[in-house]
Every structure is written in C-alpha cells, then in structure tokens.
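First the structure, which I've put down as structure tokens, then a few questions once you've had a look.
The values are calculated or read from the model by the stated rules, or taken from the named source; none is laboratory data. Source: prediction; values computed, not measured. So basically every Cβ, Gly included, is an ideal-geometry build from the backbone, and we count neighbours across all protein chains shown. We work out accessible area using only protein heavy atoms, side chains counted, and drop any ligands, DNA or RNA first. Shrake-Rupley method; radii C 1.70, N 1.55, O 1.52, S 1.80 Å.
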Amino acid sequence: MTVKLICVGRLKEKFYADACAEFKKRISRFADVNIIEVSDERAPEQLSAAEMDQVKRAEGERILAKVAPGDYLIAMDLKGKQLTSPEMASRLQGIMNSGGSRIDFVIGGSLGLSYEVLQRADLRLCFGKPTFSHQIFRIMLLEQIYRCFKIINNEPYHK
C-alpha cells in the first residue's frame, strides 16, 4: 500500500515539517508514504476569473503529472463529501479491498484545484467549512490518514 500526498507549495516552517514527519513516521507502519510538493503559481491579489483559471490549470498540470494511471485520486475540495473518521477509514479499506494499492491525496493551491484535477478525482473530500492554511491542512490530513489506519487495524486511538 502506498499513500501519496501531492501538495501545491512547500512547507517553510520547521515546526510544520516536524509535525508532518512525525505523522509520516506513524503511517509508515501501515503504508509507504510519499509527500510530493509541486510549485505554486505566483498570483497577485486581484485576479480576473480567466487569470484564476490559468493559475489553477498550471498547478493542475503539475499535480496530474505526479498521478500514475491506476492511482485512486482523492481531491481535497471545499465542495467535496464530508466523512467522519470511521467513514473515511471504511472508504480507504474499501479501496484497498478492491485492489487499490496506491491512493493519492491532493491539496491544491490557494485558489483551489483545476477542473481537470477535479474531473480526474475518484473522490472529492472536504474537512468542513472553515478555511485552513495549507501547512495546517497538510498536518490535519496526515493525522486523519493515520487515524484511518488505526481504525482499520482495530487499534486504539484517542477520541
């Protein structure tokens, strides 16, 4: 089993990187974990809709270049499905039971994900209505993936 996080942008602060490294280490008991960072597009504050699409498309091309054929792609999307931790664990278990050995999670840039990435996604997932920084969200996603593996393996995890 391989879990891949494809993230637009880099973690710059050491404490964020340390938190991600800790969860990556914990998940490694259950699966190989790869975190791939693709560069974000520079975008001024005031963009037209066409310019926003252009930024998302460029980032989307970089994302999709990292997705192999046959990978199960989960796009983190504000309009996605909201699942509880047990529901997410059940979904991951179902993917694995049906032969899925590579699951990719995608965290887009500040403008979101391109149409092409969303169309390629096998599942769109949302962690709720609040907005989180990409750095914090990466940690939250890794924590949820770890929690899912603990649930799948009937191991205790704090509630």
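Quick one: count up the residues across segment 128-141 that are touching a strand residue (DSSP E or B) at 6+ places or on another chain (Cβ under 9 Å) and over 13 Å from Val106 (Cα atoms).
3
I'm trying to understand the selection: among the residues of segment 121-141, which are within 16 Å of Leu5 (Cβ to Cβ) and either of a type in the set (S, T, N, Q) or in a helix (DSSP H, G or I) (or both)?
Ser133, His134, Gln135, Ile136, Phe137, Arg138, Ile139, Met140, Leu141
What are the pairs with Cβ atoms under 6 angstrom where one residue, in segment 21-32, is β-branched (Val, Ile, Thr) and the other, located anywhere, is not in a loop (DSSP other than H, G, I, E, B)? Sequence gap at least six, or different chains.
Ile27/Val33; Ile27/Ile145; Ile27/Tyr146
Residues of segment 31-56 being surrounded by fewer than 14 Cβ atoms within 10 Å (Cβ to Cβ), assigned to a loop (DSSP other than H, G, I, E, B) and of a type outside the set (A, V, I, L, M, F, W, C), which ones?
Ser39, Arg42, Pro44, Glu45, Gln46, Ser48
Still on this structure, please answer the following. Look through segment 102-146, keep the residues that are among the basic types (Lys, Arg) and surrounded by fewer than 21 Cβ atoms within 10 Å (Cβ to Cβ), and return whichever of them is nearest to Gly80 (Cα to Cα).
Arg124
So is Asp77 over 21 Å from Leu118 (Cα atoms), of a type in the set (Asp, Glu) and either open to solvent by less than 70 Å² (accessible area, probe 1.4 Å) or in a helix (DSSP H, G or I) (or both) or not?
No, not satisfied.
For every residue, the table says whether it meets (1) touching a strand residue (DSSP E or B) at 6+ places or on another chain (Cβ under 9 Å); (2) free of Cβ contacts under 8 Å to residues at least 40 places away in the same chain; (3) not aliphatic (A, V, I, L, M).
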{"site": "Asp71", "(1), (2), (3)": "yes, no, yes"}
{"site": "Asp77", "(1), (2), (3)": "yes, no, yes"}
{"site": "Leu111", "(1), (2), (3)": "no, no, no"}
{"site": "Ser114", "(1), (2), (3)": "no, no, yes"}
{"site": "Cys126", "(1), (2), (3)": "yes, no, yes"}
{"site": "Glu143", "(1), (2), (3)": "no, no, yes"}
{"site": "Glu155", "(1), (2), (3)": "no, yes, yes"}
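If you take the residues in segment 80-101 that are modelled with pLDDT under 95 and in a loop (DSSP other than H, G, I, E, B), which one is surrounded by the most Cβ atoms within 10 Å (Cβ to Cβ)?
Once the filter is applied, the top-ranked residue is Gly100.
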